[in-house]
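What follows is one structure encoded as structure tokens, with my remarks underneath.
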Amino acid sequence: MEQSGHLSEKLLARRWGLSHRTLERWRHDDHGPAYLKIGGRIVYAVADIEVFEAARRRTAGAASAAGAR
């Protein structure tokens, strides 16, 4: 379900090719993007998802350049 810039847990899992159980575990371990719990439902703001994705963005060669130092 997407409403007003939010994705359900299942839609986010599909977006990232993960199990929704992985997202559950991440919440339990205080990992992953910020989320809202509303009436027992978990939703993620698209803006928070994009921030989380941007923070994990890597460029090709970045890992090899870091190892060369």
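Taken together, the values in this text are just the output of simple stated rules run on the coordinates, not laboratory data. Just so you know, these numbers come straight off a predicted model, no measurement behind them. Note: ideal-geometry Cβ built from the backbone for every residue, glycine included; neighbour counts use all protein chains shown.
The table below lists the values:
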read-out	value
Segments 34-41, 23-30, 8-15, 53-60 sorted - mean Cβ within 10 Å per residue, highest first	8-15, 23-30, 34-41, 53-60
H6 long-range amide H proximity, modeled H, under 5 Å	V46
Value of Rg to Rh for segment 2-58 (Rh from inverse mean 1/r over Cα pairs, i.e. Kirkwood)	0.93
Cβ charges +1 (Lys, Arg) and -1 (Asp, Glu), total dipole of segment 2-58, debye	200
Residue-wise HN-Hα coupling along segment 19-25, computed from phi with Karplus coefficients 6.51, -1.76, 1.60 (Hz; x: Gly, Pro)	7, 5, 5, 4, 5, 4, 5
Under Karplus coefficients 6.51, -1.76 and 1.60, residue-wise ³J(HN,Hα) of segment 40-57 in Hz, glycine/proline x	x, 9, 9, 9, 10, 6, 4, 4, 5, 4, 5, 5, 4, 5, 5, 5, 9, 5
Spacing of the two label points (7 Å from each Cα toward its C-beta) at A34 and R21, in nm	3.0
